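Asker: Below is the structure I would like to discuss, written out as structure tokens.
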Amino acid sequence: MAEAGVPAIVVTFADPPLLAAFERDLDRPGAPLLGDPDRLLYAAFGFGRASLARVWLDPRSVTHHLRLLARGRRPAPLPRQDTLQLGGDVVVDPGGRVGWVYASRGPEDRPAVAAIIEAMLRSASRAQPSGGSRRINRE
């Protein structure tokens with residue numbers, strides 16, 4: 001996200017005592033890691049929950065996990081977390097307005113980094129208030 005000149009913040013629903021373990025696993029120096037154990041931000045941005053079948057049996061998810069394993073990525077030995085909670089990405093403009101929301105449909109569903117950077121650049125360059133929040137819908 002440094003390409004866009006905008007700071008990135010990572011929010012997880014992990015309890016505060018687990019944040020240090022997540023920080024080590026993410027290895028994102030300079031990106032603050034915040035805990036939202038009550039999932040207030042998740043609810044505010046419409047980040048829902050997936051079914052057990054969608055997370056563990058769906059071919060897209062299985063393929064994603066197999067690719068991670070093939071690259072040497074192993075699940076971190078963290079206490080059990082809610083594997084059904086979906087996440088997403090949000091871009092907030094300099095005025096504090098939500099400029100872009102990507103709500104993941106499954107654990108492997110992530111926007112391209114280029115799409116996030118483009119949304120960040122658009123939000124950072126807005127000179128006039130947009131009159132409110134805007135949600136980007138995917139087809």
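The values are calculated or read from the model by the stated rules, or taken from the named source; none is laboratory data. All of these numbers come straight from a predicted model, not from anything done at the bench. Accessible surface areas use protein heavy atoms only, side chains included; no ligands, DNA or RNA. Shrake-Rupley method; radii C 1.70, N 1.55, O 1.52, S 1.80 Å.
Asker: Quick one: accessible surface of Trp56, probe radius 1.4 Å, all protein chains present, in square angstrom to the nearest 10.
Answerer: Per-residue accessible area (Trp56): approximately 130 Å².
Asker: For the full complex of protein chains and a 1.4 angstrom probe, list Arg105, Arg54 by accessible area with the highest value first.
Answerer: Arg105, Arg54
Asker: Could you please put Ile9, Ile117 in sequence from largest to smallest accessible area, using a 1.4 Å probe?
Answerer: Largest accessible area first, the list is Ile9, Ile117.
Asker: Another question, if that's okay. Going by accessible area, probe 1.4 Å, with all protein chains left in place, what is the ranking of Ser51, Ser61, largest first?
Answerer: Order by accessible area, largest first: Ser51, Ser61.
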